[in-house]
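Structure first, commentary second.
Values quoted throughout were computed directly from the atomic coordinates according to the rules given, and no laboratory measurement underlies them. Computed from a prediction, not measured in an experiment: that's the story for all the values here. For neighbour counting, all protein chains shown are included, and Cβ atoms are generated from backbone atoms with ideal geometry for every residue, glycine included.
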Protein chains: 2
Amino acid sequence: MTVLATTLLRPAGLARALGLDVVIASETGQHTGSFKFRAAYNLASSVPNAHVITASSGNFGQALAYACKLLGKRCTVVMPTTSAKVKIAAVRGHGATVELVDTTVVPRAVRVAELAAQDPAAYVASAYDDPYVIAGNASLGRELAAEGFDVVVAPVGGGGLTAGIIVGLREAGASTSVVGAEPLLANDAARSLAAGYVVANEQEPGTMADGARTVSLGKHNWEVLKTGLAGIVEVPEEAIARGVRLLREHTGLRVEPTGALAIAALLVDPDRFAGARVCAVASGGNVDDEVYDALVR
Amino acid sequence: MTVLATTLLRPAGLARALGLDVVIASETGQHTGSFKFRAAYNLASSVPNAHVITASSGNFGQALAYACKLLGKRCTVVMPTTSAKVKIAAVRGHGATVELVDTTVVPRAVRVAELAAQDPAAYVASAYDDPYVIAGNASLGRELAAEGFDVVVAPVGGGGLTAGIIVGLREAGASTSVVGAEPLLANDAARSLAAGYVVANEQEPGTMADGARTVSLGKHNWEVLKTGLAGIVEVPEEAIARGVRLLREHTGLRVEPTGALAIAALLVDPDRFAGARVCAVASGGNVDDEVYDALVR
C-alpha cells in the first residue's frame, strides 16, 4: 500500500463554527503532501514506459517525480524558469530531471512535445487529463464510500479529483453526491456545467488557489463531471482565506489555498449543506511560507 | 503577532489509544513548519545587528532565514554540502545566503568563525544555545500556561524548547511540570540530569529524530533544565515511528520524527502520566518524503 489512506477528522469546533455536520478528509499527509500522489502513482505504475514526461510547476510534478523514484522509472518535469526554487529542488530531490523553460518564449506544451520527440518511448502525462489520473484519484472515492456521507465537497481545477471521487464512489456502490468547490476567479467549470460543454478561461486565472489555475476542465474529466457532479459552489478569494484560517484553528492542518476550497464552499453556501453529512476534502498542504503567513497572521 | 499561536488538538481516538488524557500542541503549522521560528524571530528581532549568521542544516536555519526576511535583515546560514537540496533551496528561497561547507574538511564552527571575522558587526546565532532562543520558545510556555495542564511533554535535543517552555510557564505563574522526551540513541540529556553536569554524546547520534542529534545540551538551557525539568523519558526508535503513525492516524498531522517524540514518550512510560492532564508538543513537520514513507507505509 504505497498510497496512504486519507485521514478523516471530526473537529467539533469546526462543525460548531460552520453549523454543519462536517468531516474533513485530509490529503495533506499523503506522500508529497497532496492528493496528486494518488494519480501520479497510479499513472506511473500502470504505463509500461520506463520514462514519464510531464509539465507541472505544482503538486503533480512533485508527486510524479516521487512515484517514478519509487518505481525505478525515469521522470522529466518541465517547469517554468519562474518556478519557486524550492519546488524545483523538491522535484530534483526525487531524482527527476527538471527542464526549465522560459514560457514567455516557448510554451510548456511545446517543450514537452520536443522532449517527447527526443524519446518516443516516453509516456507524456497530463497532470489532470488522463484516464490514469481519474483512476488514481478514484481510490479516494472508494475510501469515502464506506463512510456514509450524503455529500463530498472537493476542489475543482482541471477536474481530475472530483471526477476520480465520483468514479470511486460509484465503483463502491455509494450514492453520495459530489459538489465541486471552484474559485470564483476561475469559474470555468461552473460555466461549463451551465453551458453543457467545456468553457475555457481566457487566460490563467489570478486566484490564490494555484491548484485551480487551470485554463479548462480536462476532457476525460468532463465526461464524468457533466452528469456526475451535483453542482459547483463558486468561492470568492476572501472565503478561501477564511477556510485556511478555520482549518488551522480547528484542525491544526496547514493547507494550501486550494486545499481550503471545500471548507470555503461550506462558508459560502451553508444552506445547501444544512442537515447533510458532509465530507470536505482538504486536498493538499504545499504552500509557501510567505503566502501562508499573509493568510493567517 | 508574527509568531503564530500553537494549535491545541484534542483527538478522542488518540486519547483512547493511549489510555491517557492528552492534548496535542502542534507547531507543525508554525511559520516554516516548526517551533524554531519562535526562537529565530525573537533572536533576529531582538539583536540590533543587521546581519545574522548561523550554522544549521535543519529547522533553525530555515526559520532564521525567514525571520530575517520579515525583518529586512541579512542572514547567512552555514550548511554541510551533504544537506538536502530542498533544504538549501528553502533557505535561499527566504533570501538568505547559504555557505556550503564540506564538513569532512572544515568544521561548521570554523566556517562560522571565518564568516564572523569577515563581518565583525554580524551576530552569530546558536540554534539552541542562546538566551534569545530560550526567550523566544518561552512564548509557547506562556500559551500553554493558561490551559491548566498537569504536565507538558516536549522533545529534547539541545534543550532550547524545554528550557523555553519551563521559563514561559513560570513567567505565567503556572506550576505545570515539564518532562523531556529524548531518543534513547541520543540520551545525553538523561545522562546529564543523572550526573548533575552536562554530558556529551561521543559523536552525533544516529537517531531518526534529526532535531535531537545535538552532541550536548546548550549551557544556557542546562541552567534552566537542571532544576526545572521533572524528568526525561528515553524513547527507542520504534516508539518514535509509532508516534509518527499515531499522529497521522488520529490528527492528520504529518510530523517529522522529532515531532513525535513527546507522543512516543507517552507510549513508552504511560504509568508516569496516568490520571494527569497531559500536553504533548508536536514540534514540527519538516520531513523528507522518503523518510516519512518508510515510517507510515
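Please report the relative contact order for the range B:36-125, taking Cα pairs under 8 Å with a sequence separation of at least 6, and give it as a percent rounded to a whole number.
33 percent
Under the rule of at least 5 residues apart or a separate chain, name every residue whose amide H is placed under 5 Å from the amide H of residue A:235.
A:182, A:184
With θ taken as phi - 60° and the coefficients 6.51, -1.76 and 1.60, list the Karplus ³J(HN,Hα) couplings across the range B:96-102 in order, rounded to whole Hz; mark glycine and proline as x.
With the stated coefficients, the range B:96-102 comes to 7, 8, 9, 9, 7, 9, 7 Hz.
Which of these, B:254, B:245, B:191, has the largest mean-square fluctuation under a Gaussian network model of chain B (Cα springs below 10 Å)?
Maximum fluctuation in the GNM of chain B, among the listed residues, is at B:191.
Counting other C-beta atoms within 10 Å, and keeping those with at most 14, which DSSP coil chymotrypsin sites (Phe, Trp or Tyr not before Pro) do you find in the range B:144-252? Write down the numbers at each step before the final one.
Working: sites: B:149, B:197, B:222; in loops: B:149, B:197.
Answer by residue number: B:197.
Along each principal axis of its Cα atoms, how long is the range B:251-297 end to end? Whole angstroms, biggest number first, please.
37, 16, 16
Under 10 Å, Cα contacts only: if you run a Gaussian network model on chain A, which one of A:272, A:213, A:170 comes out with the highest mean-square fluctuation?
For chain A, modelled as a Gaussian network with Cα springs under 10 Å, the answer is A:272.
Under a Cβ-Cβ cut-off of 11 Å, what is the net charge of the residues other than residue A:239 that fall near it, where Lys and Arg count +1 and Asp and Glu count -1? List each step's numbers first, then the result.
Working: positive: A:242, A:245; negative: A:234, A:237, A:238, A:269.
The answer is -2.
PRE reach from residue A:2 (point 7 Å along Cα→Cβ): which of the range B:276-297 fall under 20 Å by backbone N?
Inside the label zone: B:288-297.
Need one value for B:19-26: mean number of C-beta atoms belonging to other chains within 10 Å of its residues' C-beta atoms.
Partner Cβ neighbours, averaged per residue: 1.
Specify whether the C-alpha gyration tensor of the range B:87-147 places it in the rounded, prolate or oblate class, a ≥ b ≥ c being the square roots of the eigenvalues: rounded for a/c under 1.5, otherwise prolate if a/b is larger than b/c and oblate if not.
The shape class here is prolate.
For a quick check, take a GNM of chain A with Cα springs below 10 Å and name the residue from A:113, A:138, A:174 with the largest mean-square fluctuation.
Comparing A:113, A:138, A:174 in a Gaussian network model of chain A, the most mobile one is A:113.
Quick one: Karplus J couplings for the range A:46-54, per residue in order, coefficients 6.51, -1.76, 1.60, θ = phi - 60°, nearest Hz, x for Gly and Pro?
8, 7, x, 4, 8, 9, 10, 10, 8
Considering every residue in B:84-97, what mean count of other chain Cβ atoms within 10 Å of its Cβ is obtained?
4
Rounded, prolate or oblate: which fits the range A:1-98, taking a ≥ b ≥ c as square roots of the Cα gyration tensor eigenvalues, rounded meaning a/c under 1.5, else prolate when a/b beats b/c?
prolate
Taking 51 Å as R0, compute the FRET efficiency from the Cβ-Cβ separation of residue A:199 and residue A:97 and round it to 0.05.
My answer for the efficiency is 0.90.
On a 28 Å Cα-Cα criterion, which of the cross-link pairs A:73/B:87; A:69/B:69; A:36/A:219 come out too long?
A:69/B:69
Packing-wise, with mean Cβ within 10 Å as the measure, how do A:103-110, B:154-161 rank, highest first?
Sorting A:103-110, B:154-161 by mean packing, highest first, produces B:154-161, A:103-110.
Tell me what the protein assembly as shown gives for mean residue ellipticity at 222 nm when only DSSP H runs of n ≥ 4 count, each as -39,500 (n - 2.57), the sum divided by the residue total, rounded to 500 deg cm²/dmol.
Taking each H run of at least 4 residues, the total per residue is -13000 deg cm²/dmol.
Residues with amide H under 5 Å of residue A:23's amide H, sequence separation 5 or more or different chain, H placed in the peptide plane at 1.01 Å from N; which?
Sorted by chain and number, the residues that satisfy this are A:278, A:279, A:280.
Would you mind computing, in nm to one decimal, how far apart the modelled labels at residue B:105 and residue B:238 are, each placed 7 Å from Cα along Cα→Cβ?
Between residue B:105 and residue B:238, the simple spin-label model gives 4.3 nm.
Evaluate the Kirkwood expression for the hydrodynamic radius of chain B, namely the inverse of the mean inverse distance over all pairs of different C-alpha atoms, and round to one decimal in Å. Before the final figure, lay out the partial values.
Details: mean 1/r = 0.0528 Å⁻¹.
Averaging 1/r across every pair of different Cα atoms and inverting gives 18.9 Å.
Would you list, by chain and number, the aspartates and glutamates whose Cα falls below 12 Å from the Cα of residue A:85, excluding same-chain residues fewer than 8 positions away?
A:288
Determine ³J(HN,Hα), in whole Hz, for all residues of the range A:57-62 in sequence, where each value follows from phi through the Karplus function 6.51 cos²θ - 1.76 cosθ + 1.60 and θ = phi - 60°; x replaces Gly and Pro.
Taking θ as phi minus 60°, the curve returns 9, x, 5, 5, x, 5 Hz for the range A:57-62.
Please work out, to two decimal places, the log10 of the ratio I(q)/I(0) at q = 0.07, 0.11 Å⁻¹ from a Debye calculation in which every Cα of the protein assembly as shown carries one identical scatterer.
For the protein assembly as shown, the Cα-only Debye profile gives -0.42, -1.03.
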